[in-house]
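Notes follow the structure.
The values are calculated or read from the model by the stated rules, or taken from the named source; none is laboratory data. In this text the structure is predicted, and so the values were computed from the model without any measurement. Note: ideal-geometry Cβ built from the backbone for every residue, glycine included; neighbour counts use all protein chains shown. Please note that ligands, DNA and RNA were not included when accessible areas were found on the heavy atoms of the full protein model with its side chains. Shrake-Rupley method; radii C 1.70, N 1.55, O 1.52, S 1.80 Å.
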Amino acid sequence: MNPATASIDKASIIRRIPIFAGLPSAAQKLVEDSSYVAEYRKDHILYREGSLGDSFYCMITGRAKVFVRTPSGEERTLVHLHRGDYVGIVSLLTNEPHSASVRIINDSLILRIDKKNFEILLKEVPQLALKLTEALSRRLQKEESKPRKIFESAIISVFGLAKKSGRTMYAVNLAIALAYETRKKVVLLDMSHSGNECSAMLQMGELKCIDLKRHSINYEEAKPLIAKYEAGGICLLNLGCDDHSKIEPSHIISFLSSLASEFNYIIVDMPAEIDKPTYSLLAQSDLIHVVSDCNEHNLKATGKLISELKKIVHDPDNTVKAIINEFVMTETFEEEVKLLGHKAYAVLPDLGLLAGMMSAGLPPVLAVPESLYSKSVRRTAREIGKILVGLALGSGAALGLVHIGVLKVLEREKIPIDFIAGTSIGGVVAAFWASGIEIEEIEKIALRFKRRDMLFSLADFSFLPLRGFMNGNNFKKFFREHLGKKTFHDTHTPLKIVANTLRSRENIIFDEGSLVDALRASCSIPAFLKPVRYGDDFLIDGGTLDPVPIDVLAKNGAKKIIAVNCLPSQEEMMKAFKEFEEKRRSDEAKLSHRTVFSRLAYDFNNWTRRMFTPNVFDVIMSTSLAMQYVFAEASSKDADCVIHPVLQGAAWFELYKVEALIRRGEQEAEKMLPQIKALIEE
């Protein structure tokens, strides 16, 4: 007999399961004789969609999820199973294949009744058949009346090999950020040796410790020991003890599974030592955040641990995350990643003087929510909560200056932007803003182009324009003037810059390396600026294929997408053309009352315009922008909110209309604010 199931009091379990609880004692004894307790490990598939039913399954301990596969191959969760939940009945009663699959999330004990015994039970115990019919009827009525809200839970272990890696501070702030951002139930478990590191940090005094060394414990037994931190909206529970090695790992896992039926998020602040219970718990967690400072030894050791953990979890890239605390920095971020040997999931900027707030019981995410540290933790919380907000800024040459106005409004209204993607001019504005340049300063930089001669500061015409009329060196000089040697790591908000390959027609997404180089590639307008060499290919303006990079945000986890499309539609272009013609006719009518010299000047201006308009630049850009608009409209259907600020009559090269363009961006963003705020509050 399996040791894990040997001590199970099956009769007691059956009396507590709702479907069996009301049966006579004799009937319960039949259920007991017909069933057995089976142990299943994390990630085991209990049964698959399309297979025939072979058993009735009821959860005793642990967690499982019922899911189906979408046409794209992704898993869509239907429901999570906790203690007392059961599955497999419909297939047994109808002899139809299972309509979904079931995967074990944590090591679980399950009461199982095989098909043959289940059929005998239904004949011998008619009350059971009646209860099952009533239960299935209620379930179907509930599903038909309204979509079922899934109670989803996640166990998140926070671990750090170094004792002063900032692990506990991160765990505390992550728990509070999750409660604030998701409005869901969060419990923080302190597994440090003292068991009071979290409560001491929050100045809550000492908490009583749950003793898991002697026996397993469930939520009901632990409930009186749970303390509430009202300011942060979270619960705290002390699992600390002097010697974790004496705890049976299965007791911890069983206890956390019982908590998972009561709380949406369980944050576990782990001890610094790796022992058997610690390692077992890490292996059972839904997410593992491994925190390290930038010390060379700690980064290397953390990297080795991450490599080991990735071997034992189901989805390693999405489960094990490296968090780098930068209060002791190496020379470059690239060096930190090289020492770690893994991609950094999040970087926690040095709190500096703000660290003292924790000694006063004030977590940064509450006291200074706009600090870089708090923003990083809150962004992580929104990603865990699947409510990430992404902003896509599109192409459009001078027309893209409206993005500045949009950002002014979003900043003023404190709309959270978790990451931002930009194409061409949208990429330029996005990079300036994400790198930490204040929006007022970005506006000042743009207002320099009110002087028309500033246009020529960007021009450096090629002597032999074989690949483009301009070399693009002045563009790089302009970018470098304001961004210097900044890389994507230096951005305050995660940033993606889009360019396209000329020959293979692929989207290239820049998210590391030099910002200046990425912008130069993304702004390589075909025929205007020389394309940038990219291996055996060349990079051209990202707007060619992806004028509003909504897809980039969606692929990187954004669940709420705000898009800015500044390209004019055909109807808007026709309206602008008609207004231009009406103005021309009006001006010509007024000439009859003016002097001969005025008429001659007007005729000369008209002749000049007809001679040089449209020129080759107008033909290329107008054609390109018309095609880009078609792409932009198609991709905008995938955004939750689309801001479409178009300045009537503005041309692609009229940077000197910067004031009007920025104001137009503000107006349209303000108009869309109710929709944006409703989206954020969902």
In terms of the Cα gyration tensor, with a ≥ b ≥ c the square roots of its eigenvalues, is segment 1-133 rounded because a/c is under 1.5, prolate because a/b exceeds b/c, or oblate? oblate
Candidate residues R379, R76: accessible-area rank, largest first, probe 1.4 Å: R76, R379
Most to least packed among 100-106, 674-680, 187-193 [average Cβ atoms within 10 Å]: 187-193, 100-106, 674-680
Pairs of Cα atoms under 8 Å, at least six residues apart: use those to get the relative contact order of the chain, whole percent. 11 percent
What helices does the chain hold that run 27 Å or longer along their axis, going by alpha-carbon atoms, with a Kyte-Doolittle average of -0.5 or more, using DSSP H for the helix calls? 616-636, 658-681
Residue-normalised accessible area of segment 418-516, expressed per residue, 1.4 Å probe, Å²: 51 Å²
Quick one: 3J(HN,Hα) in Hz for segment 101-114, Karplus 6.51/-1.76/1.60 with θ = phi - 60°, rounded, Gly and Pro as x. 10, 10, 10, 6, 8, 10, 3, 9, 10, 10, 7, 10, 10, 5
What span do the alpha-carbon atoms of segment 461-508 cover on each of the three principal axes, reported in whole Å from largest to smallest? 40, 30, 10
When ranked by the protection proxy of mean other Cβ atoms within 10 Å per residue, highest first, what sequence do the peptides 109-118, 225-234 form? 109-118, 225-234
Can you pull the accessible area of L93 for me, 1.4 Å probe, Å² to the nearest 10? 80 Å²
Fraction of beta bridges assigned by DSSP in the chain that are antiparallel (%, nearest 5): 45 percent
Quick one: accessible area per residue over segment 26-86, 1.4 Å probe, rounded to a whole number of Å²? 47 Å²
So for each of 61-68, 650-657, 334-341, 386-393 I average, over its residues, the number of other beta carbons within 10 Å; can you give me the resulting order with the highest mean first? 386-393, 61-68, 650-657, 334-341
Does segment 448-536 come out rounded, prolate or oblate by the C-alpha gyration tensor, with a ≥ b ≥ c the root eigenvalues, rounded set by a/c under 1.5 and, if not, prolate when a/b is larger than b/c and oblate if not? oblate
Over segment 429-474, how many percent of alpha carbon pairs lie in each 10 Å bin up to the one with the longest distance? 24, 33, 32, 11
Can you tell which of I89, L553, T623 lies farthest toward the positive end of the dipole of the chain, using +1 and -1 charges on the Cβ of basic and acidic side chains (Lys, Arg; Asp, Glu)? T623
Accessible area of the chain belonging to carbon and sulfur atoms, whole % at 1.4 Å probe: 54 percent
Summing -39500 (n - 2.57) over every DSSP H run of at least 4 residues in the chain and dividing by its residue count gives a helix-only mean residue ellipticity at 222 nm, to the nearest 500 deg cm²/dmol, of -12500 deg cm²/dmol
Diffusion coefficient in µm²/s returned for the chain by Stokes-Einstein, Kirkwood Rh over C-alpha pairs, 25 °C and 0.890 mPa s, is 85 µm²/s
